[in-house]
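Taking it in order: structure first as structure tokens, then the write-up.
The values are calculated or read from the model by the stated rules, or taken from the named source; none is laboratory data. Keep in mind that what you see is a predicted model, and the values were worked out from it rather than measured. Glycine gets a Cβ as well: all are built from the backbone with ideal geometry, and neighbour counts include every protein chain shown.
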Amino acid sequence: MAKKILVTDNLQNPEFESDARTKAIDKLREHAEVEFYTVPELTAEHAEGVVGILANSVVFTPEFYATARDLRIVARWGVGFEKVDVPRATDHGVIVTVSPVHMVSVAEYAIAQWMATLKRVYTLNRNSHAGEFQIIRTYEAEGSTLGIWGLGRIGQAMAERARPLLRDSGRLLVYDLRPDIHEVAAQYNAEVVDDPRTLFEECDAISLHLSGDHTVVTYDLLCAMKPHASLINPSRGNLVDDEAVNRAIKEDRLCYYVVDDPVNDTRAIHKDHPRIICTNHNAGITVESAIRLDECCVEQIIDAVEGRTPNHVLNTDVLDHPRVQGFLQ
């Protein structure tokens, strides 16, 4: 059977059609037959002859890995990897990569939402369309206090962009468990706090930049916020207890909650709420970042197919697997 590279159907989205994307797919075709997939999960029936996958959030079943004897790499279009089953991929000698090339896009989204909430853009727009034209209180970034929970690549990109807007009179508070947090924070003239609760007590806005999917923002934390403050979540919806934040906003314990996830699942409770803003997991996807993501993933797949170690390997232990040692130069 001819070798195949499976590619998520997302790369056929006409909204992001570009010469760069066409060239990237053509490069893959020089190495194997390219087959676009639309299925929600990959099973044994999809595995025969597959050497690489440019993957979205598709589920990888145990049967797929067991049958995909030629598979060298799963290249994630983005940084989420929960559905890849990384331990099983490692056991079967399959490299898993991520593409952390959209940090600027997410940071700019968070900055935009920070400014929109300070300026009460969503309320002003709603009022105007409803025929209510009164002036309301809005706020300036300069001199305010911004909190960032998570100072990884995206958190740092936001800090870099936020610091000039805060000016010397503003405060940038950060919380992170990384051992070098004080050294990293110093680069952005940021103050390190020892407890995330301090962010909720002192900040006029908080932006979450965390990996993982565990709920960390509870009703208790939300109750510590200032009534005019806002919470911005460009990371994962599950980081925040949806029932708790919905209740807290209705009780005016904070002004806005912004989450980069659609109004579904546990977030269905937010439907039509004027001060809970849900976007469709779009923060990291711009015209520019889509091109970077395409090119990063394609390069990773070609490297693995040609026997080179790709960039941004998630499961580095797999590089010692006998099967991987066999195809890497």
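For the range 166-190, give me each residue that is in a loop (DSSP other than H, G, I, E, B), farther than 15 Å from ARG153 by Cβ and free of Cβ contacts under 8 Å to residues at least 24 places away in the same chain.
ASP168, LEU177, PRO179
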Notebook entry, point to check: Is it the case that some residue within the range 243-260 is more than 22 Å from ARG126 (Cβ to Cβ) and either out of contact with any His (no Cβ under 8 Å at 6 or more places or on another chain) or assigned to a loop (DSSP other than H, G, I, E, B) (or both)?
Noted result: yes
Item checked: Hits in the range 42-58 (condition: touching a strand residue (DSSP E or B) at 6+ places or on another chain (Cβ under 6 Å) and modelled with pLDDT of 95 or more) -> LEU42, GLY49, VAL50, GLY52, ILE53, LEU54, ALA55
Next item on the list: State whether the residues of the range 112-130 include one that is without any contact (Cβ under 8 Å) to a residue 12 or more places away in the chain, assigned by TED's automatic domain parsing to the domain that holds GLN156, more than 30 Å from ALA162 (Cα to Cα) and over 27 Å from the mean Cα position of the chain (by Cα).
Entry: yes
Next item on the list: Please specify each residue of the range 226-238 satisfying the condition of being surrounded by 23 or more Cβ atoms within 10 Å (Cβ to Cβ) and more than 26 Å from GLY80 (Cα to Cα).
Entry: ALA229
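So, ASP241, is that one in contact (Cβ under 8 Å) with a residue 60 or more places away in the chain, surrounded by fewer than 20 Cβ atoms within 10 Å (Cβ to Cβ) and under 23 Å from the mean Cα position of the chain (by Cα) or not?
no
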Item checked: the range 117-141: number of residues that are among the charged types (D, E, K, R) and surrounded by 12 or more Cβ atoms within 10 Å (Cβ to Cβ) -> 4
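When you look at HIS270, is it buried (at least 19 other Cβ atoms within 10 Å of the Cβ) and without any contact (Cβ under 8 Å) to a residue 40 or more places away in the chain, yes or no? Full working, then the answer.
Numbers: buried (at least 19 other Cβ atoms within 10 Å of the Cβ): yes; without any contact (Cβ under 8 Å) to a residue 40 or more places away in the chain: yes.
Spelling it out, HIS270 is indeed buried (at least 19 other Cβ atoms within 10 Å of the Cβ) and without any contact (Cβ under 8 Å) to a residue 40 or more places away in the chain.
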Notebook entry, point to check: In the range 272-289, is there at least one residue being within 22 Å of the chain's Cα centre (by Cα), under 23 Å from HIS102 (Cα atoms), of a type in the set (A, V, I, L, M, F, W, C) and in a helix (DSSP H, G or I)?
Noted result: yes
Note to self: Could you check the range 10-40 and list, in sequence order, the residues that are at pLDDT below 95 and among the acidic types (Asp, Glu)?
What the structure shows: GLU15, GLU17
Notebook entry, point to check: Of all residues in the range 6-35 being among the charged types (D, E, K, R) and in a helix (DSSP H, G or I), which is nearest to ALA290 (Cα to Cα)?
Noted result: ARG21
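Applying the selection to the range 304-329, what residues are in a helix (DSSP H, G or I) and out of contact with any strand residue (DSSP E or B) (no Cβ under 8 Å at 6 or more places or on another chain)?
Across the range 304-329, the qualifying residues are THR316, ASP317, ASP320, PRO322, ARG323, GLN325, GLY326, PHE327.
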